[in-house]
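Q: Shown below is the structure under consideration.
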Amino acid sequence: MREGMKKATAMVMAGIMVLGLFVGCGKSDGEGDSSQTGEKETVSLRFLDTSPSDVRQAYFEEVFEKIKDDLGIEITYESTPLEEAANKIMVMATSNSMPDIVTTQDNWLGQFTSSGWILPLDEYLEGKEDQFADTVTKIVWANQKEMYDHIYTVPDGMMVKGIFIRKDWCEEAGIDLESLKDWDYDNYFEVIEKLTNADEKHYGMTYRGTRGAFDVMMVYLQGFTGGRTYDDEGNCLLNSDECLKAFEKFTSMYKEGYAPEESINWGFVEMVDNFCGGLTGTLNNDSEVVVSVQNSMEENQWTVLPIPKSTKDGKIYNTVNAPYSYTISKDCKNQDAAWKVIEYLSQPENNIEYCKQVGTIPVMKEVGDDPLYGENGVYAAFVEQLNDPDMVVPTGYGPFDSTDLQQGPLYEEIQKYLLDEQDAKTALDNICSMLEERMKTYLDENEGAVVDTPKTMQ
């Protein structure tokens, strides 16, 4: 393993349908194996959910009961808020008290792998990789092998972004939605303008002003860098003249009144609530939002379009990721049992049920003929992008934990510009300086480290 290599540009999704159930194991150390006695022994494991919600907890607790009945493995569900998860895992790892199975985020992998906190899964997956969607094998796992020499995670579902849009508003504005399925960013900004009527409190854009504000904007800028954040030496590429113009264009949607004034303080929840509540007409967000929109809006009010294509090269630049993945911790005393649990959770019928509840895309090829993921299903626009040969998954912030930057400095620099406290160039230069310093420090401190590159399904 390359020590310290951090990232797993985990972007993921699914070429859908068809293969066999996920069975088998890998290595076996014999622990918890009662086959020699003929008795069914109950094995106890701990499971840590790092993104708890009522829906996730209910799903896991129900499926864990089935696992106890079917496999004789008793699982204790534990959880910690996402904001505290990375630090809590660090404390548990240093005290050798990590739960057996831990759900992890991709931007933790650099630290987790270099510190030896999670275990490689290559032996368990040997001969089974082709049962998973191409986005798992060609993007997530290909990146892990490149960066860390091993596979460390099994994604629980895949997410990709799309543009949620008000069908009824488009009809009133004379916008042909069918013609927008092959749109670019120029078309996107035109639609935002057409959907805006401040007198009626209709705004074309759901603008994100706080945590995550630069995430969506960065992907737009990467349409001018070929999907890269840095060059091979770690120099940030996002403040070129082209990118500066793009930055000004994107933020002009807010500055010129095509987004609500208060959206400078919006995060994820406010964005979704105000799109569903009828204040905004477009929302750039992940497939997980489908669940909220379905519960809040009528079917004839909304649809999803693909992310607009780059006006520079005509390609779709879109983040594809596994929001959470199953890993086996270094402190697990019965790795085979932990693997059997991950295997059980990943069986197509279990994985698709989970994905339906949380709004993600199944990770297994065999997802049956469920209409949700079919040509006319609500996830169609997400699936179509993943099958588009012109889609590129751009690189992220880097193989280091960027949580502290996302929670403040990145969006604060943008806000200063939106509030006329600094100019656009200063804001973008400051953002790039922070990222570049972090990236170069990482490269200096980790011998053999490399800058990751954009991925495709090719």
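Q: Taking Thr319, is it among the hydroxyl-bearing types (Ser, Thr, Tyr) and within 29 Å of Asp49 (Cβ to Cβ)? Reasoning before the result, please.
A: Details: among the hydroxyl-bearing types (Ser, Thr, Tyr): yes; within 29 Å of Asp49 (Cβ to Cβ): yes.
Yes.
Q: Which of the residues spanning the range 122-143 are in contact (Cβ under 8 Å) with a residue 24 or more places away in the chain, within 21 Å of the chain's Cα centre (by Cα) and open to solvent by less than 10 Å² (accessible area, probe 1.4 Å)?
A: Of everything in the range 122-143, those that are in contact (Cβ under 8 Å) with a residue 24 or more places away in the chain, within 21 Å of the chain's Cα centre (by Cα) and open to solvent by less than 10 Å² (accessible area, probe 1.4 Å) turn out to be Phe132, Ala133, Thr135, Val136, Ile139, Val140, Asn143.
Q: Could you please tell me which pairs satisfy a Cβ distance under 8 Å, a separation of 6+ or placement on different chains, a first residue in the range 228-243 that is more than 14 Å from Ala427 (Cα to Cα) and open to solvent by less than 10 Å² (accessible area, probe 1.4 Å), and a second residue that is of a type outside the set (A, V, I, L, M, F, W, C) and in a loop (DSSP other than H, G, I, E, B)?
A: Here the result reads Thr229/Pro394; Thr229/Thr395; Thr229/Gly396; Thr229/Tyr397; Thr229/Gly398; Tyr230/Thr395; Tyr230/Gly398, each pair linking the range 228-243 to a residue that is of a type outside the set (A, V, I, L, M, F, W, C) and in a loop (DSSP other than H, G, I, E, B).
Q: I'm trying to understand the selection: among the residues of the range 291-306, which are without any contact (Cβ under 8 Å) to a residue 60 or more places away in the chain and open to solvent by 80 Å² or more (accessible area, probe 1.4 Å)?
A: Asn295, Glu298, Glu299
Q: Cβ-Cβ under 7 Å, sequence separation 6+ or interchain: first residue in the range 144-157 and free of Cβ contacts under 8 Å to residues at least 40 places away in the same chain, partner open to solvent by less than 10 Å² (accessible area, probe 1.4 Å) and among the hydrophobic types (A, V, I, L, M, F, W, C). Which pairs?
A: Lys145/Ile151; Ile151/Leu121; Ile151/Leu125; Ile151/Trp141
Q: Could we say that Val102 is in a helix (DSSP H, G or I), in contact with a Leu (Cβ under 7 Å, 6 or more places away or on another chain) and under 15 Å from Ile342 (Cα atoms) here?
A: Details: in a helix (DSSP H, G or I): no; in contact with a Leu (Cβ under 7 Å, 6 or more places away or on another chain): yes; under 15 Å from Ile342 (Cα atoms): yes.
Taking the combined requirement at face value, the residue does not satisfy it.
Q: Taking interchain pairs and intrachain pairs at least six residues apart, which have beta carbon atoms under 6 angstrom, with the first residue in the range 192-216 and more than 23 Å from Asn318 (Cα to Cα) and open to solvent by 10 Å² or more (accessible area, probe 1.4 Å) and the second of a type in the set (A, V, I, L, M) and assigned to a loop (DSSP other than H, G, I, E, B)?
A: Tyr203/Ala259
Q: Look at the range 409-458 and say how many of its residues are assigned to a loop (DSSP other than H, G, I, E, B), in contact (Cβ under 8 Å) with a residue 12 or more places away in the chain and among the acidic types (Asp, Glu).
A: Applying the first criterion (assigned to a loop (DSSP other than H, G, I, E, B)) to the range 409-458 yields 419-423, 446-454, 456-458.
Going one step further and asking which of them are in contact (Cβ under 8 Å) with a residue 12 or more places away in the chain, we end up with 419, 446-454, 456-458.
Subset that is among the acidic types (Asp, Glu): 447, 452.
Residues flagged as assigned to a loop (DSSP other than H, G, I, E, B), in contact (Cβ under 8 Å) with a residue 12 or more places away in the chain and among the acidic types (Asp, Glu) within the range 409-458 amount to 2.
Q: A further question on this structure: Among the residues in the range 83-98, are any in a helix (DSSP H, G or I), closer than 29 Å to Gln385 by Cα and either among the aromatic types (Phe, Trp, Tyr) or open to solvent by 40 Å² or more (accessible area, probe 1.4 Å) (or both)?
A: The first filter runs over the range 83-98 and keeps only residues in a helix (DSSP H, G or I), leaving 83-94.
Remaining after also requiring closer than 29 Å to Gln385 by Cα: none.
The answer is no; no qualifying residue exists.
Q: Does at least one position in the range 374-389 carry a residue that is touching a residue at least 60 places away in the same chain (Cβ under 8 Å), of a type outside the set (Ser, Thr, Tyr) and more than 22 Å from Val320 (Cβ to Cβ)?
A: The initial filter retains those residues of the range 374-389 that are touching a residue at least 60 places away in the same chain (Cβ under 8 Å), namely 378-389.
From what's left, of a type outside the set (Ser, Thr, Tyr): 378, 380-389.
Those still in the list that are more than 22 Å from Val320 (Cβ to Cβ) too: none.
Looking through the range 374-389, none of the residues is touching a residue at least 60 places away in the same chain (Cβ under 8 Å), of a type outside the set (Ser, Thr, Tyr) and more than 22 Å from Val320 (Cβ to Cβ).
Q: For the range 45-67, give me each residue that is loosely packed, with under 15 Cβ neighbours inside 10 Å and out of contact with any helix residue (DSSP H, G or I) (no Cβ under 6 Å at 6 or more places or on another chain). Walk me through it before giving the result.
A: Within the range 45-67, the first condition is being loosely packed, with under 15 Cβ neighbours inside 10 Å, and the residues that meet it are 53-55, 57-58, 61-62, 65-66.
Correct list: Ser53, Asp54, Gln57, Ala58, Glu61, Glu62, Glu65, Lys66.
Q: Let me ask something else about it. Tell me, which residue of the range 372-401 that is of a type in the set (S, T, N, Q) and surrounded by fewer than 17 Cβ atoms within 10 Å (Cβ to Cβ) is nearest to the chain's Cα centre (by Cα)? Reasoning before the result, please.
A: Pass one, the range 372-401, residues of a type in the set (S, T, N, Q): 376, 385, 387, 395.
Within this subset, residues satisfying the condition of being surrounded by fewer than 17 Cβ atoms within 10 Å (Cβ to Cβ) are 376, 387.
Details: Asn376: 23, Asn387: 17 Å.
Filtering first and then ranking leaves Asn387.
The values are calculated or read from the model by the stated rules, or taken from the named source; none is laboratory data. If you're wondering where the values come from, they're calculated on a predicted model, not measured in any experiment. Because the Cβ atoms are built from the backbone with ideal geometry, glycine has one as well, and the counts that use them run over all protein chains shown. These accessible areas exclude ligands, DNA and RNA; they are computed on the full protein's heavy atoms, side chains included. Shrake-Rupley method; radii C 1.70, N 1.55, O 1.52, S 1.80 Å.
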